[in-house]
Structure formats: structure tokens, C-alpha cells
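J.: Below is the structure I would like to discuss, written out as C-alpha cells.
The values are calculated or read from the model by the stated rules, or taken from the named source; none is laboratory data. All of these numbers come straight from a predicted model, not from anything done at the bench. FYI the Cβ positions are ideal-geometry reconstructions off the backbone, even for glycines, and counts take in every protein chain you see. When the accessible area is computed, the model is the full protein with side chains, heavy atoms only, and any ligands, DNA or RNA have been set aside. Shrake-Rupley method; radii C 1.70, N 1.55, O 1.52, S 1.80 Å.
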Amino acid sequence: MKLSSTFSTLGLALLLGLLPPTALAGGGHDHGETPAAATGTAMPRFAATSDLFELVGVLDGQKIALYLDHAGDNSPVKDARLELDIAGTSVPVTRVAEGEFQATLAAPLAEGVSPVTATVAAGTDTDLLAGEIDLHPAAHTDAAPAGLDRRTTLMAGASAAVLLALVAAWRLRRGRTARMGNTQRVGGAA
């Protein structure tokens with residue numbers, strides 16, 4: 001009886017381990033809706049840095065959002081002028097706010113790596129920043145990550161295998177005990 005209780009406890013623990021945490025939460029334990037996971041592909045971006053400045057560009061189709069900060073403290077660069085060159089083509093830049101600019105490409109960038117250079121002039125500081133943007137076709141889909149499903153399946157399979165092994169061991173032991181009991185009862189009762 002003690003052995004079957006142990007197997008029952010182990011089996012229950014394995015099954016509870018497979019349940020999602022939200023299934024175990026009772027009333028009053030709701031923490032609200034879980035935030036939606038980000039899906040889709042990230043927009044291509046580039047970074048160009050120097051000792052004085054950091055420039056990040058985010059490409060959305062033919063539009064580029066540019067963010068210019070001081071390298072030392074990440075604060076936006078005030079009253080800056082920015083000239084941008086991508087793959088040998090000068091790209092007109094418009095100031096949107098302190099440290100924020102926007103540009104529009106005349107034509108979409110070709111796939112592959114394109115060099116990016118930016119000339120920054122702010123007050124008495126002038127600097128040339130260099131970087132590159134790497135464009136490749138989207139390899140991601142909007143589906144949920146397959147690794148999570150595979151991991152859950154593997155965990156469930158491993159737990160089931162352990163549970164089956166425990167049940168088989170229990171039955172084997174129970175069968176031996178029953179056979180041993182039958183051999184001891186041979187003979188008549190007085």
C-alpha cells in the first residue's frame with residue numbers, strides 16, 4: 001500500500017507539472033490579462049557611433065527614423081545638423097525634434113549590406129559616423145514560436161515515460177508479491 005501511495009504522489013506531481021500556471025490559480029489570483037507577445041519581423045536598423053555621437057536609424061519601407069544622441073550620456077543632441085549617405089547616395093534629412101530626424105529614400109534599398117555614413121555638426125563639434133545596414137528577406141512568420149510547443153511536447157513525453165516506467169515497476173513488484181504469497185499458502189489448513 002505504501003508503494004502505490006508513492007506512485008500516486010509521483011504521478012500527480014508529474015501531471016501538475018504539465019499544467020500551465022494559470023490553471024492552478026484559484027479565485028482572487030488573477031493578475032489580469034497577460035500581455036500579447038510581439039510577433040512579426042523587426043524593422044531593419046543600423047547604428048553609427050563615434051566618441052561624441054550615436055546615431056540609430058530605423059528603416060520602415062523607404063522612410064528612416066533617425067535618433068542622434070551624445071555618446072557619453074545618451075541625451076538627445078540639440079541644434080544638430082545631419083547629413084546622411086547610404087550606399088553612396090545622399091539622402092535628404094529633416095529635423096523633427098531635438099535629436100530626432102527623418103529621411104526618405106528615393107528608392108528601396110537593395111538586399112544585402114549597405115554602408116551608412118553620417119556627418120554630424122552640433123555647436124563646435126563636427127564628426128563623421130560610419131555603420132552599415134543589413135537587409136535580408138523576412139525569415140520570420142507571425143506564428144507562435146515553435147520552440148515553445150516542442151519544449152512542452154518533450155516535457156509531456158518525458159513525464160509520461162517516467163510515469164509509465166513507475167507503473168510498470170509497481171505492477172512487476174505487485175506480481176512478484178502475489179506469486180510469493182501463493183507459494184506460501186500451499187498446503188491445507190488444519
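The rows are residues; the columns are (1) modelled with pLDDT of 75 or more; (2) open to solvent by less than 50 Å² (accessible area, probe 1.4 Å); (3) farther than 30 Å from Gly99 by Cβ; (4) not hydroxyl-bearing (Ser, Thr, Tyr).
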site	(1), (2), (3), (4)
Asp134	yes, no, no, yes
Asp149	no, no, yes, yes
Thr152	no, no, yes, no
Arg173	yes, no, yes, yes
Thr177	no, no, yes, no
Met180	no, no, yes, yes
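J.: Another question, then. How many residues does the stretch 55-75 contain that are in contact (Cβ under 8 Å) with a residue 24 or more places away in the chain and under 16 Å from Leu129 (Cα atoms)?
T.: Matching residues across the stretch 55-75 total 6.
J.: Another question about this same structure. Just name the residue that is nearest to the chain's Cα centre (by Cα) out of those in the stretch 51-70 that are exposed (fewer than 15 other Cβ atoms within 10 Å of the Cβ) and not in a strand (DSSP E or B).
T.: Filtering the stretch 51-70 for residues that are exposed (fewer than 15 other Cβ atoms within 10 Å of the Cβ) and not in a strand (DSSP E or B), the one nearest to the chain's Cα centre (by Cα) comes out as Gly61.
Residues are listed down the side, and each one gets a yes or a no for (1) within 23 Å of Leu52 (Cα to Cα); (2) in contact with a Leu (Cβ under 9 Å, 6 or more places away or on another chain); (3) β-branched (Val, Ile, Thr); (4) part of a strand (DSSP E or B):
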| residue | (1), (2), (3), (4) |
| --- | --- |
| Phe101 | yes, yes, no, yes |
| Ala106 | no, no, no, no |
| Val113 | no, yes, yes, yes |
| Thr117 | yes, yes, yes, yes |
| Ala121 | yes, yes, no, yes |
| Leu129 | yes, yes, no, yes |
| Asp134 | no, no, no, yes |
| Pro137 | no, no, no, no |
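J.: Identify the single condition in (1) open to solvent by less than 80 Å² (accessible area, probe 1.4 Å); (2) of a type in the set (S, T, N, Q); (3) modelled with pLDDT of 90 or more that Gln102 does not satisfy, given that it satisfies every other one.
T.: (1)
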